Amino acid sequence: MQPAQLAASIRNHWSIENMARWVRDVTYDEDRSQIRTGTGPEVMAALRNAAIGALRLRGITNIAAADRHHARDSTRKLALLGIT
């Protein structure tokens, strides 16, 4: 593997890492979660991933702004999922 290919591979890895984990760590403040027993941490991570995925499927890139927008009106969450 050439150095340029290796560098591109590393950048690609970190862009994927940043898209998922950075949003969970910063936007959802996952590192300070007090859920630590049983399957709670895994369930909450799955719910956060589902929320991020639903927003990204709609083309939303600013997850924090979208969370604030959807928090203002409970029907917005349902509309995002196509339920209403």
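Worth pointing out:
- Stretch gain in nm, segment M1-V26, where the contour uses 0.36 nm per residue and the Cα spacing is subtracted: 5.6 nm
- Dipole-positive endmost among S15, A66, M1 within the chain (Cβ charges, Cα centre): A66
- Dipole magnitude for the chain: about 240 debye, using +1 per Lys or Arg Cβ and -1 per Asp or Glu Cβ, origin at the Cα centre.
- The stretch 3-80: proportion of alpha-carbon pairs further apart than 17 angstrom, %: 55 percent
- Pairwise label distance in nanometres, V43 with H69, each label 7 Å out on the Cα-Cβ vector: 3.0 nm
The numbers here are math on the coordinates, done by the rules we state, and not lab data. These figures come from a predicted structure and were not determined experimentally. Reconstructed Cβ throughout: ideal geometry from the backbone, glycine too, with neighbour counts over all protein chains shown.
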